[in-house]
Amino acid sequence: MSFVKLGILAGGSSAEREVSFKSCENLVNTLDKNKYDIHIYSLRSENDKEWIYEIMKDEPDVVVSALHGGLGENGSIQGLLNCINVPYIGSKVLASALCIDKKRAKTVLEANHIQTAADVFIKKGESVGLYGDEIRQIGFPIIVKPNKGGSSIGIEIVTNFEELDNAVKNIEKKYNDDALAEKFIKGKEITCCVFENGGNAEVMAVLEVNKKGEIFDYEDKYERGVSSALSKMPEFMQDMVKTIAAKAFKLLKCNGYACVDMIVMEEQIYVIEVNTLPGLTENSLIPKACQSYGIKFGDFMDMMIGNEINVNK
C-alpha cells in the first residue's frame, strides 16, 4: 500500500501558538495511520527557516496547516508554499490575507449586501477621541477586538469611553494591532462550517454556541469545553444562515474549509467573521460540526486531503 506523505504545520509565533499544537495533536490522533505518513513541521518563530529546508527535502504530497493567526493565517505561509510548489489544504494567499483583516473582509461583505455589526476602525497610535462622534452613533456597549486577531484573544466589552481607550491601548501594546470597535449585538451566537465539494460550497449544520458569558471567549473555545448544539431556529432561518455562510465563503475567495461566525438577533443575521484556519482541537467547532453532519472528523479531513491531491495531479 502506498502511503500519502502528509505534512502538518504547527506552532508559529502568534498568540494562538498553543491552540495550534492542540489542533495538530487532534489531527494526528484522528487521521488513518495506515494511509498517511505524517511529518510534523514545527515553526518556532517568525525568523525560523529550518522547517522550510525540512519540507523542501521531504517533498510531502500535501500539507495541512494547523497554524492559527499571524504569518500562518495571513497569506505569508501560503505564499511561501506556493513558491516552493508544495500543495496545501485551505484558502490561498488572497483569501487568507483578506479574511484575517476583519475590517477589509467586512468591507467586501457589506458591499455585497451581507449585514455586519456597525464599527469604528482605530489604527495603532490613534486616539479614541478622534472617533467620538462615530462611537456615540454606534452607542455602548461596544465589543473591542484586535483587527487581525483570532481565537477571541484580546476581546473586551466596554461600556464607556475610558474603558474603550484602555482596551484599544491594550490591543496596541500586547498585540501590536489596530483595533476594531463594533456595536455589541446581544443574540444567538452561531457558526457554520463551509467546505468545498466538487467545486460547490456546502454548509454543515447550523450550530448554536452555548457560551458561558456574554462572548464566546478563548476559555470557552479551548479550556472549558463549552458545548454546541444543533440550532433550534425555524427552518427558514437556518436556510438563510446557510445561504449567507456560503455566499460569504465565495465572496472572500475561500478554499477548502472555513468557519463563518454569525450572531442572530430578532431574525437579523450578522456575519462576525470568516475563519480560514479555524481551530481543529477536540473542543473546536469543525469537529463538532462534522458530528452534526454525520461524518467523522478524520473522514472529513481525509476528503479535504483527497480533494487537494486530485486538484494537483
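Would you point out which residue out of 45, 2 is part of a loop (DSSP other than H, G, I, E, B), under 17 Å from residue 69 (Cβ atoms) and free of Cβ contacts under 8 Å to residues at least 60 places away in the same chain? Walk me through it before giving the result.
Values: 2 fails: under 17 Å from residue 69 (Cβ atoms).
It is 45.
Which residues, taken from segment 75-101, are among the polar types (S, T, N, Q), open to solvent by 50 Å² or more (accessible area, probe 1.4 Å) and not in a helix (DSSP H, G or I)? I'd like the intermediate steps shown before the answer.
First, the residues of segment 75-101 that are among the polar types (S, T, N, Q): 76, 78, 82, 85, 91, 96.
Keeping just the survivors that are open to solvent by 50 Å² or more (accessible area, probe 1.4 Å) gives 76, 82, 85.
The answer is 85, and nothing else.
Applying the selection to segment 124-137, what residues are surrounded by 11 or more Cβ atoms within 10 Å (Cβ to Cβ) and in a helix (DSSP H, G or I)?
128, 130, 131, 132, 134, 135, 137
Is it the case, given these coordinates, that residue 140 is under 22 Å from residue 297 (Cβ atoms), touching a helix residue (DSSP H, G or I) at 6+ places or on another chain (Cβ under 9 Å), of a type in the set (Phe, Trp, Tyr) and not in a helix (DSSP H, G or I)?
Values: under 22 Å from residue 297 (Cβ atoms): no; touching a helix residue (DSSP H, G or I) at 6+ places or on another chain (Cβ under 9 Å): yes; of a type in the set (Phe, Trp, Tyr): yes; not in a helix (DSSP H, G or I): yes.
Spelling it out, it is not the case that residue 140 is under 22 Å from residue 297 (Cβ atoms), touching a helix residue (DSSP H, G or I) at 6+ places or on another chain (Cβ under 9 Å), of a type in the set (Phe, Trp, Tyr) and not in a helix (DSSP H, G or I).
I'd like the residue in segment 261-288 that is closer than 18 Å to residue 247 by Cβ and of a type in the set (A, V, I, L, M) and, out of all such residues, is most open to solvent (accessible area, probe 1.4 Å).
272
Please count how many residues of segment 245-265 are within 25 Å of residue 183 (Cβ to Cβ) and of a type in the set (Lys, Arg).
1
With 186, 173 as the choices, which residue is over 20 Å from the mean Cα position of the chain (by Cα), basic (Lys, Arg) and over 24 Å from residue 242 (Cβ atoms)? Write out each step before concluding.
Numbers: 186 fails: over 24 Å from residue 242 (Cβ atoms).
On inspection, the qualifying residue turns out to be 173.
In segment 28-51, is there at least one residue being within 24 Å of residue 307 (Cα to Cα), among the polar types (S, T, N, Q) and surrounded by 20 or more Cβ atoms within 10 Å (Cβ to Cβ)?
From segment 28-51, those within 24 Å of residue 307 (Cα to Cα) are 28-41; that's our starting set.
The next check asks that each one be among the polar types (S, T, N, Q); those that pass are 29-30, 34.
If we keep only those that are surrounded by 20 or more Cβ atoms within 10 Å (Cβ to Cβ) too, we end up with none.
No, there is no match, as no residue in segment 28-51 is within 24 Å of residue 307 (Cα to Cα), among the polar types (S, T, N, Q) and surrounded by 20 or more Cβ atoms within 10 Å (Cβ to Cβ).
For the condition modelled with pLDDT of 90 or more, closer than 21 Å to residue 100 by Cα and in a helix (DSSP H, G or I), what is the one hit in 181, 167? Show your work before the answer.
Working: 181 fails: in a helix (DSSP H, G or I).
Criteria check complete, one pass: 167.
Would you check if there is a residue in segment 291-303 being surrounded by fewer than 19 Cβ atoms within 10 Å (Cβ to Cβ), in a helix (DSSP H, G or I) and aliphatic (A, V, I, L, M)?
Within segment 291-303, one or more residues are surrounded by fewer than 19 Cβ atoms within 10 Å (Cβ to Cβ), in a helix (DSSP H, G or I) and aliphatic (A, V, I, L, M).
Just one of (1) closer than 26 Å to residue 193 by Cβ; (2) open to solvent by 70 Å² or more (accessible area, probe 1.4 Å); (3) in a helix (DSSP H, G or I) trips up residue 57, so point out which.
(1)
The values are calculated or read from the model by the stated rules, or taken from the named source; none is laboratory data. Note that the coordinates shown come from a computational prediction; the quantities given were computed from them, not determined experimentally. Here the Cβ is made from the backbone with ideal geometry for all residues, glycine too, and neighbour counts use every protein chain on show. With ligands, DNA and RNA removed, areas are computed over all heavy atoms of the protein, side chains included. Shrake-Rupley method; radii C 1.70, N 1.55, O 1.52, S 1.80 Å.
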